[in-house]
Every structure is written in C-alpha cells, then in structure tokens.
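Coordinate-derived values only; no laboratory data. Quick caveat: nothing in here was measured; it's all calculated off a predicted structure. No Cβ is skipped: glycine too gets one built from the backbone with ideal geometry, and neighbour counts run over all protein chains shown.
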C-alpha cells in the first residue's frame, strides 16, 4: 500500500520546480528586455560645433538651432512634450561672475518661455567641472489658437559653465511626468560634453 | 485503502492518463470532448466581427454627435462588450457541464486587476515601452516579445495557476483554455478601458476595431498558456513544459503586435500618417481562429490517445 498525495491540492516538488522555472524564465525575458531598452537609449552619435563636442542620442531629431544655440535635438518618441537637449553659447564679459550670467539667462528665459518659474538654483560640480544649476518649469503651448490640445508643463534644467569670454549652457527640457525617468540619459549627455 | 487516488478529488482511482490517476467520474470528464468549446470559440470570433460591423455601420449612418462625457461613456461600454459576447456564447454552449459562473467571473476580474495593478504600470511606467520600442524593427520585435509579451502572458498564467488551478472545478484539460481565455479577456478589457480614458473618449468607428483586435489577441495567446496549463495538471510534464508554454505565448504575442503595426500603418506622407485598422482586425481574426483551432485539435488528439492507451 502506498500513500499518494493529491496533486490537485498540494504542489509536488516537480510542480513547485516548474512554477519557479516559469518565474525565472519570465525574469530572464524581462532582464533581456531591460538590456535592450538600455542599449537603445544609450545609442549615440558624435556632435561637434564651435569647439564643443558631445555624444547625442541616436535617432533624435536635430532641429535648426535658434539664437545662440549650437545644438537643439528632440526625442521624436517621447510622449507629451518631446524631450529636448540644447547647447547654447552666451557671450559674456571676461570679468563677468556666474551670478551675472545666471541673472542674464533667467531674464532671457522669462521673456521667451510662458509661465517660467525657477524652482531651485545652486552651484554644483558636474563630472569634475564647476557649474551652476538652475531648475525651472514653464508651459509649452501651441501658438495656433485653433489647436485644441491642453498645453504641456515642461521641466527644465540649465547647467552653466563659464569658459573665458563665453558661457556654455546645456539645457534639458522634458515633460514634467518624464523628468526623473529621462534624467539619467541627460547626465550621460552631460558627461560626454567636451569644450 | 486503494493504492492510488484521483488527482482531482482524492477518491479511489481506477484509470490513469499518462502518470496521473483518476476516479471514474473525473476520468470521464478528462476524456470528454467538449465540442461546444470549438463552437463558442468560432462564435466569439464571428460575433466580435459582426459587433464591429454593426458599430462601424451605425457610426457611419447616424454620425452621432456626442459630448466629451458621452464619448467616454460610449467608449467604456464598448470596451466591456467583447468580454460579454464571449461569456454569453460560452454559457449558451456550455450546458453539458457548465463551469461555475462565479469562478469564470472571478478569473476574469483577477485578470483585469493584475493588468491594472501590475501589467500596465510595468509596461508604461517602468519600461516606458513607447519611448524606445519603435527604434528599429529588431527592437520592436524583441521588445514586444521580451517585455510586453512576457509581462502579459505571465500575469494571465499567474491568474489561473494561483487561483482556479488547484480547485476540483479545474477537472479537464480544456478548462485551462477556458479559464485562461477569461483571464485574457479581463486583461484586454482593462487595456481597452485604459485606451478610452487616456484619450478622453474615442471615435466609435475606428476604436471598436482596435478594441476587438485587442480582445481577440489577448484571448488567443491566453489560450496557448491555458493549453499548457491544462496538460500540466493532468499529465506528468517535465519542468520545462510550462516555461515553454509561456515563452511560446509571449513570442506569438510579440510577433502579432509587430505584424499588426506593419499592416495597420500604411505609410507617412506630408499630409499625415495613414492607417488601415481593418487589416489589423483581419489578422486578429485569422490568428484567433488558427490558434484556437490548433489548441482544441491538440486537446482532442490527446484525449483520443489517452482512450486508445486504456
């Protein structure tokens, strides 16, 4: 006589092993998916202009730079406001302090961006270089009055590097919902910035 | 005390299929061909296509002018219809040995809850799939399989495996397909509800096609997982059986999403992007008929083999 357990009520060792195998296979699949995601997001192409070089994300749309901008790239796949990186060269007096540059940039942003509000500002060190960080928010709205979409709330980050008779401003504009999730990629862009 | 007991109810066993023992009652149910499952599957596909035709035709003829709130309500109603159609056909056909309505509804709701609480947040908020998956063809295929496919199919598997699977009501291999389909339709319903809410209401004509495509696809791939679950319960299968089943369902899910994207998106011109959602519906209907037909044929073959061995 042998006692037989009920497979329907109890998980046999083989069944438990199979359950764990399903979980492991799923996790391996997701891990592989995560690696592909990172690989796609880390693809970059070199950019050089006016003695400044950087690695910009591959597949992003490079639009015509305006004003002092030398780079203006936008992610075509991001939802809401398209995540944008810009590099701007601001001419400054050789004896100008960083506070004067910050004031000048803040005024400039206030005039060009709707509902511009500075959230925080501080001196920082960016990958070994002294810089000034300004975090802000503004509203991006289609100027066409017949456009029936709700305006986007955009978070921005400016990093100002003083470099002799000019300041280099690297800016990050992103839909406020995607600010944290896209920040790592912008840091990689900043790390690649050389001047 | 008998040497063997039924793997479903624990009563003394008299017959076996593979390495599993059954009492006479459960041997009968395990080897009974449920022809109605074929009919409900085919009726589901036909019923959903007819439903699309009716809504699309009415939208064209009446051209209803809805307020934004009415559009959302109409969209929410449409999102629930595919699941109701399946359940209605299923119960009309399943009179011989009806599955408990509460269990079917429970599995459906569990599928919906897991989609809402785990599946959609993982795909949208953790993996941010829409931000990178369309980078190139290889990424689209791999991302659709490894991320979207595995998340969706694992959750549908988990719903059945950790709820009804150990119950005595799960007493034949076809039950795996039935309960997994219910879980898949629950998942599809939440995907459709999310689509309506995210868009603040939807155009009835084109959105009804999308909703039915999602429902057919989710039900079909859940059916694959359900087939593997059903056989795993009633036959001694090696440890890799279920992982293979989930992987196969995920691959089908991912390939379907990629192919549907190719078919539906006709091209992009200066005047905008043109799409043809009808091709997506044709693809979903073909995939559903083939996958359900194949699964039920395999179950039928297994039953015949078991009977021949006896």
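Based on the inverse mean of 1/r over its pairs of different Cα atoms, what is the Kirkwood hydrodynamic radius of segment B:150-190, in Å?
10.3
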Contour excess over end-to-end distance, with Cα ends at residue A:100 and residue A:23 and 0.36 nm allotted per residue: 22.0 nm
Hey, got the Cα dimensions of chain B along the principal axes, in Å, largest first? 77, 41, 32
Could you rank the peptides B:185-196, B:142-153 by their average count of other C-beta atoms within 10 Å per residue, with the highest value first? B:142-153, B:185-196
Most fluctuating residue of B:160, B:251, B:282 in a GNM of chain B with Cα springs under 10 Å: which is it? B:282
Quick check on packing: order A:76-86, A:40-50 by the mean number of other C-beta atoms within 10 Å, highest mean leading. A:76-86, A:40-50
Sites residue B:101 and residue B:168 - FRET efficiency at Förster radius 25 Å, r taken between beta-carbons, to 0.05: 0.95
For n ≥ 4 DSSP H runs only, could you compute -39500 (n - 2.57) per run for chain A, divide by its residues and tell me the 222 nm figure to the nearest 500? -10500 deg cm²/dmol
If one builds a Gaussian network model of chain B from Cα atoms under 10 Å apart, the most fluctuating residue listed among B:29, B:207, B:130 is B:130
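Whole number please: convex hull volume per residue, Cα atoms of chain A, in Å³. Walk me through the numbers before you get to the answer.
Details: hull volume 37.0 nm³, N = 195.
Per-residue hull volume (Cα only) is 190 Å³.
Based on the Cβ-Cβ distance of residue A:150 and residue B:236, what FRET efficiency does E = 1/(1 + (r/R0)^6) give at R0 = 60 Å, to the nearest 0.05?
0.55
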Going 7 Å from the Cα of residue A:43 toward and past its Cβ, which residues in segment B:112-138 have a backbone nitrogen under 18 Å from where you end up? B:128-138
Taking each residue in B:141-149, count the Cβ atoms of any other chain within 10 Å of its Cβ, then average. What number comes out? 4
Can you tell which of B:127, B:51, B:234 shows the greatest fluctuation in a Gaussian network model of chain B with Cα springs below 10 Å? B:127
Expected integer from the mean partner chain Cβ neighbour count at 10 Å over A:32-44 is 5
Counting only other chains, what is the mean number of Cβ atoms within 10 angstrom of the Cβ of each residue in peptide B:124-134? 5
Given a Förster distance of 30 angstrom, what is the FRET efficiency for residue B:63 paired with residue B:88, based on the Cβ-Cβ distance and rounded to 0.05? 0.55
